[in-house]
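**Q** Got a structure here, written out as structure tokens. Questions coming.
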Amino acid sequence: MNTAKHIHNHTFPSRLTAVCLAVLSCTAAAPAFADTDVTKTVQLNEVVVKGKKKARRKDTEVTGLGKVVKNSDGLDKEQVLGIRDLTRYDPSIAVVEQGRGASSGYSMRGVDKNRVSLTVDGLPQIQSYTVDNTSATSGAINEIEYENITAIEINKGANSAEQGSGSLGGSLAFRTKEADDIIKEGQNWGLDTKTAYSGKNKLFTQSIAAAGRLNGFEGLAIYTHRQGHETQAHKDAGNQPQTISRLDGYVYEGDDARYDWFALEGECVDIANCDKLRPLSHTSPAEKYLTTETIPAAQYTGNKRALPNPMDYGSRSWLVRGGYRFTPRHYLGGIFENTRQRYDIRDMAFEQYWNPKTRIASGKSQGVYRFGENIDNGQTIQRGLTDQWSYIGLGYSRLRYFDEHHRKTRNGLEYRYDNPDKNTFVDQAKISLDRQNITLDTLRSDVNCSVYPAVDKNCRPGTDKPWSFYESERSIYGEKHNALNLEAEKKLSFAHTSHKLHLNAGFDRFQSKLDHKDFYALNSQQDVVYVNDQADGSKSNPYIYRLENPRVEKFNLCRYNNFVGVSSCHSRIINGHSYHIGLRDHMSLGKYVDWGVGARYDYHKMTTDDSWTASGTFRNGSWNSGFVFKPNSNLSFLHRISSGFRVPSFQELFGYRVSGFEKGINDKAHYVGKFKPEKALNNEFGVHVKGGFGHLEASYFRNRYKGLIGLTHTSTPTLPV
């Protein structure tokens, strides 16, 4: 059983030790045998050797092909501070970038994201989930706090017999620390602190761990805090400025302005002597009316940006674990984890200015602005919001922000049985009951209320900032798991063979939920009223306008009823349960051959109250076999074959929704998926050589995938209703 580190006691009988010493003594004293027949025997004290068990490549599979195992000591040596550091030295494993500082999982052997399984103590982590036609979801996964981890088993290649659904291209299995990982040998308490700084992303890490043991009780507490920023680019990337042409307001001058003069009502008592007459503002995509600027690379916004988006990253994590050992064989304990992470970025690919392609007629503002104000205040960009219109001032900076906040909580109980004498029907057993809740909260904010080129994330529309604008959209995706797991292990020997049997069974009740909320817009508006029907716009007879009814309009962009698509704010809920049972046997068939076989059965059932969301029952069997032939102590030939499967993800079950469709009207046009599990087969050969030079291993693999789920779009001249 792949349990956490244990103390093993090995007792060497003093009788055997004494015999060895007696033989040596007799050899040295051979000339004295003629004088005496008495041999003196020395009785030595019992010797006890203790050591901590660490995860190894062949713990769960006899060949070790495709396996990479990292223990906490190795993580420290490799200076692993985040997900991108974990596999930087391991070939054929890559992190899938999410684009906003977080990640979407791993890529192995041609597949990625939800096709590479991630578990912590057997608990699946959150799936990558995106929503079509909106940027308010991220497709990220929760990042695991590595200071809480004692061992990581990375398996390349299909291995659902070990890790269940999702292990098509491979899997990563994490194991959390226990008190023994902090308490040094021969001590009853331990304290570890870690302070680290990474210059590539200005990441500061501070972690402290304390553990103790007293009268059968033991406990562990770890607190980790991280603070950092985006990964820094090479300094030369910031040396190349960019030139832009932005849409700007302008006024006619000279003779061109002779019919363009205006004033606000009450500004001019005597038109002939009024110094507040001014020309109306205009916009035009013509090049001569654009404003050209050269902007430093760090401040440039647009699709030619070479530098990463600025990000503020933070993480806080608590892990508390403890229990009571009733006897040397029986242990009852609990675990609590609370991890929060935030990735707050500004999207610098989103242009801060209005380019000529975005020009829409001034319309609402009519080119009117207050005396002394920027002429851009007389120009607005019209934007549709569902069945309403908003008007955004041309003079404000266009800013877009994404705030992603991840939270993971876990509470659990566990019972462990460990029989070092191996004189019962099971040598080791573990029963665990866990409740895990992971949520990913993504907020998109469009802010247009700071005068260009100023940047202010926190400003909001007000009547003192006419035509200012703010839009918010939030998605909260969460997965809950209530899982019961059992593991048991037994070693047997008979008929010149040895067997290591491992049983794994479990039940999980889960829920996937996506909430679309806080979807609204704020817009500072006013009415521009023309009050002089006889004016011709000349200085002697200017246009007169009145600005009235200043207000901040709120537009609720959520749609309920039966509407679907990006504007729908109905919760998406999928419930389900699963169970599995698996058995493996690692056999040593004499001196030259090792053979490992395993099989597992999984059952998944997903249900929903939404007729447009797919549901289903999925039954899957998976297996693996590993064979090792050792002609001598320095050479081994290896073969591993294993299968994998993946049931449809929650995103795939929900399906694609066409904006504008309505339930009850477009039912026939909407497609509800009829899914089958994806399948994979991994076949791998290897040779291992060891000697005084070290170890050398070469391998060849071939992975086959079948029935992969994808999205296609079809269109018809008329949609059936």
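Where a number appears in this text, it was derived from the coordinates with a stated rule and is not lab data. What you see is a predicted model; the values in this text were computed from it and never measured. FYI the Cβ positions are ideal-geometry reconstructions off the backbone, even for glycines, and counts take in every protein chain you see.
**Q** Could you order peptides 542-552, 631-641 by the average number of other Cβ atoms within 10 Å of their residues, highest first? Numbers along the way, then the final one.
**A** On the way: 542-552: 16.5, 631-641: 15.0.
Taking the mean over residues of other Cβ atoms within 10 Å, the ranking is 542-552, 631-641.
**Q** Give the peptides 566-573, 458-465 in descending order of average Cβ contacts within 10 Å, highest first.
**A** 566-573, 458-465
**Q** Report, in whole Å, the centroid distance computed from the Cα atoms of segment 118-154 and segment 244-290.
**A** Their Cα centres are 56 Å away from one another.
**Q** Against the empirical 2.2 N^0.38 Å scaling, what ratio does the C-alpha Rg of the chain come to?
**A** For the chain, the normalised Cα radius of gyration comes out at 1.29.
**Q** Quick check: the distance between the Cα centres of segment 316-354 and segment 582-600, to the nearest angstrom?
**A** Taking the Cα centre of each part, segment 316-354 and segment 582-600 sit 37 Å apart.
**Q** I need the phi-derived Karplus couplings for segment 320-336: 6.51 cos²θ - 1.76 cosθ + 1.60, θ = phi - 60°, integer Hz, Gly and Pro marked x.
**A** Per residue, the Karplus-derived 3J(HN,Hα) values read 10, 9, x, x, 9, 9, 5, 9, x, 9, 10, 9, 10, x, x, 9, 9 Hz.
**Q** Within straight cross-link reach of Lys77, meaning Cα distance under 23 Å, which lysines are found once same-chain residues fewer than 8 apart are removed?
**A** Partners found: Lys5, Lys52, Lys53, Lys54, Lys58, Lys67, Lys156, Lys177, Lys184, Lys194, Lys200, Lys202.
**Q** From the alpha carbon gyration tensor of segment 376-514, can you work out the equivalent ellipsoid semi-axes (sqrt of 5 times each eigenvalue) and give them in Å, largest to smallest?
**A** Equivalent-ellipsoid dimensions as semi-axes: 63, 14, 12 Å.
**Q** By how many degrees, 0 to 90 and rounded to 10, does the Cα axis of helix 14-28 deviate from the longest principal axis of the chain?
**A** Taking the Cα atoms of the chain, the angle to 14-28 is about 60 degrees.
**Q** Between Arg56 and His499, what is the spin-label point distance in nm, taking each point 7 Å from the Cα along the Cα→C-beta axis?
**A** Placing both labels 7 Å along Cα→Cβ, they lie 2.2 nm apart.
**Q** With labels modelled as points extended 7 Å from the Cα through the Cβ direction, what inter-label distance (nm, one decimal) is found for Arg340 paired with Leu635?
**A** 6.1
**Q** What percent of all Cα-Cα pairs in segment 109-216 falls into each 10 Å bin, going from 0 up to the bin containing the maximum distance?
**A** For segment 109-216, the pair-distance distribution reads 12, 29, 29, 23, 6, 1.
**Q** Hey, what number do you get for the chain at 222 nm if only DSSP H runs of n ≥ 4 count, each worth -39500 (n - 2.57), divided across all residues, to the nearest 500?
**A** It comes out at -1000 deg cm²/dmol, rounded to the nearest 500.
**Q** Just order 611-624, 511-524 by mean Cβ neighbour count inside 10 Å, highest at the front, would you?
**A** 511-524, 611-624
**Q** Another question, if that's okay. Please report the orientation-averaged projected area of segment 151-200, defined via the convex hull of its C-alpha atoms, in nm².
**A** Dividing the Cα hull surface by four gives the mean projection, 6.3 nm².
**Q** Quick one: Karplus J couplings for segment 681-687, per residue in order, coefficients 6.51, -1.76, 1.60, θ = phi - 60°, nearest Hz, x for Gly and Pro?
**A** 9, 10, 10, 9, 10, x, 9
**Q** In whole Hz, what ³J(HN,Hα) sequence does segment 154-164 give by Karplus (6.51, -1.76, 1.60; θ = phi - 60°), x for Gly and Pro?
**A** Once θ is set to phi - 60°, the couplings for segment 154-164 become 9, 10, 8, x, 4, 7, 5, 5, 9, 10, x Hz.
**Q** Under a straight-distance cross-link criterion of Cα-Cα below 19 Å, which lysines are reachable from Lys676, leaving out those fewer than 8 residues away in the same chain?
**A** Excluding near neighbours in sequence, the set is Lys113, Lys605, Lys706.
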